[in-house]
Amino acid sequence: MAGSEETRAIELRFLTAVEEFREAVDLQQEVWGFEDVELLPVRLFVVANKVGGQTIGCYDGGRIVGFLLAIPGVKPGGEQYLHSHMMGVKTGYRDLGLGRRMKLAQREDALSRGIRLVEWTFDPLELKNAHFNIERLGAVVKRYVLNQYGTTTSHLHGGLPTDRCVAEWRLDSPRVTGLLAGTPEPRGEVIERIAIPVDIAEIRASHPARARSIQAGVSEGFLRAFDRGLTVTGFERSAESGAYTFGIWDSK
C-alpha cells in the first residue's frame, strides 16, 4: 500500500521506450481487467509517441503505478487537439493526486506545442471521475455518445452499454486557468440538473437491471439537455447523489 505523496517520491515522466510501453499495457490490464483482444497494444503506445501524442507514466521506484495515453486529432474546422484516450492508476496509489499530476503535465506539454484543446470520454456513472474532470480540471461536457465501445469484458463496466460523456478541456480558457490558479470564474445560472445515486457502483454490481434503468434515464436527460444547447458546467455532491449541472457556456 502506498503512503502519502509527501512521504513517497513518485516520479512522473514521458515514456519513450518499448519496455515502458509494455509496463503500461500490463497496468492497463490490471486496472480494467480487459481480455487480450480489448487491450490497447504496445504498438499503439509506440505510434502515439511517434506522431505527436502523449505517453506519460508515474513510477514508484522502478515500478509503474500510473499511465496516460493521448493521440493527436484534427477537428472538422482544422483545429488540432489531443484525444486523451486512457488514464489509469494502480490500486493502492489512488487518491494521491497522480491523475491530476498527469493531466497537468499533459496540459503543459500541449500548450508548449500550441495545442489548446484536450478531449476525452468518461462514464457518467463514475461520479468520482465526473467531479475530478469538471470541478478539479475545469472540463465541460457538450456531447454524449451512446454505447461508444460496445459491451466490454471489463469488470469496471459491469456489462452495461458504454455510454460516454465527452469532456472538453479548453486549456487556456478563463474557466480552466482561473480554476487551476485557485480563482475560479463565477458560476452562471443552473438551468438543469441530472442526479445519480451516490451508491451507483454498488447498484451496478448487485442490481444490473436497476443500474441499466438509471443509465438509460441519465442518457435521455443528457441528450435532451444538449438538444436545448446546454452545457455541463458543474458537478455537485451530496450524501445522496452526484448531480451534473447544466448552463450556458462560451468556450472563448
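The values are calculated or read from the model by the stated rules, or taken from the named source; none is laboratory data. Because the structure is predicted, anything quoted here is derived from the model rather than measured. Neighbour counts run over all protein chains shown; Cβ positions are idealised from the backbone, glycine included.
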For the subset of the stretch 74-85 comprising residues that are out of contact with any Pro (no Cβ under 9 Å at 6 or more places or on another chain) and crowded, with 16+ Cβ neighbours inside 10 Å, which member is nearest to Arg22 (Cα to Cα)?
-> His85
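In the list Glu108, Glu135, Glu119, which residue meets the criterion of being modelled with pLDDT of 95 or more, in contact with a His (Cβ under 7 Å, 6 or more places away or on another chain) and charged (D, E, K, R)? If you could, list the steps in order and put the result at the bottom.
Details: Glu108 fails: in contact with a His (Cβ under 7 Å, 6 or more places away or on another chain); Glu135 fails: in contact with a His (Cβ under 7 Å, 6 or more places away or on another chain).
Selected residue: Glu119, the only one of Glu108, Glu135, Glu119 that is modelled with pLDDT of 95 or more, in contact with a His (Cβ under 7 Å, 6 or more places away or on another chain) and charged (D, E, K, R).
Tell me which residues, restricted to the stretch 13-46, are of a type in the set (Asp, Glu) and part of a helix (DSSP H, G or I). Talk me through it step by step, then tell me what you get.
Filtering the stretch 13-46 for residues of a type in the set (Asp, Glu) gives 19-20, 23, 26, 30, 35-36, 38.
Passing the criteria: Glu19, Glu20, Glu23, Asp26, Glu30, Asp36, Glu38.
Go through the stretch 92-123 and report how many residues are of a type in the set (S, T, N, Q) and either touching a residue at least 24 places away in the same chain (Cβ under 8 Å) or under 15 Å from Asn133 (Cα atoms) (or both). First the steps, then the outcome.
Just the residues of the stretch 92-123 that are of a type in the set (S, T, N, Q), to begin with: 106, 112, 121.
When the remaining residues are screened for being either touching a residue at least 24 places away in the same chain (Cβ under 8 Å) or under 15 Å from Asn133 (Cα atoms) (or both), the result is 106, 121.
Selection size over the stretch 92-123: 2.
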Go through the stretch 32-57 and give me each residue that's surrounded by 14 or more Cβ atoms within 10 Å (Cβ to Cβ) and either in contact with a Ser or Thr (Cβ under 7 Å, 6 or more places away or on another chain) or farther than 29 Å from Val74 by Cβ (or both).
-> Trp32, Gly33, Phe34, Glu38, Phe45, Ala48, Asn49
In the stretch 172-187, what residues are within 16 Å of Thr231 (Cβ to Cβ) and among the hydrophobic types (A, V, I, L, M, F, W, C)?
-> Val176, Leu179
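Going by the conditions given, is Val46 free of Cβ contacts under 8 Å to residues at least 12 places away in the same chain and either within 19 Å of the chain's Cα centre (by Cα) or assigned by TED's automatic domain parsing to the domain that holds Leu69 (or both)?
Working: free of Cβ contacts under 8 Å to residues at least 12 places away in the same chain: no; either within 19 Å of the chain's Cα centre (by Cα) or assigned by TED's automatic domain parsing to the domain that holds Leu69 (or both): yes.
Spelling it out, it is not the case that Val46 is free of Cβ contacts under 8 Å to residues at least 12 places away in the same chain and either within 19 Å of the chain's Cα centre (by Cα) or assigned by TED's automatic domain parsing to the domain that holds Leu69 (or both).
Working carefully through the options Arg113, Arg107, Arg100, find the one that is in contact with a Phe, Trp or Tyr (Cβ under 8 Å, 6 or more places away or on another chain) and surrounded by fewer than 16 Cβ atoms within 10 Å (Cβ to Cβ). Break it down stepwise before answering.
Details: Arg113 fails: in contact with a Phe, Trp or Tyr (Cβ under 8 Å, 6 or more places away or on another chain); Arg107 fails: surrounded by fewer than 16 Cβ atoms within 10 Å (Cβ to Cβ).
The conditions single out Arg100.
Might you let me know whether the stretch 72-87 holds any residue that is in the same structural domain as Ala17 (by TED's automatic domain parsing), in contact with a His (Cβ under 6 Å, 6 or more places away or on another chain) and of a type in the set (Gly, Ala, Ser)? Talk me through it step by step, then tell me what you get.
Quick first cut of the stretch 72-87, residues in the same structural domain as Ala17 (by TED's automatic domain parsing) only: 72-87.
From what is left, the residues that are in contact with a His (Cβ under 6 Å, 6 or more places away or on another chain) are 73.
Now restrict to residues that are of a type in the set (Gly, Ala, Ser): 73.
So far as the stretch 72-87 goes, yes, one or more of its residues are in the same structural domain as Ala17 (by TED's automatic domain parsing), in contact with a His (Cβ under 6 Å, 6 or more places away or on another chain) and of a type in the set (Gly, Ala, Ser).
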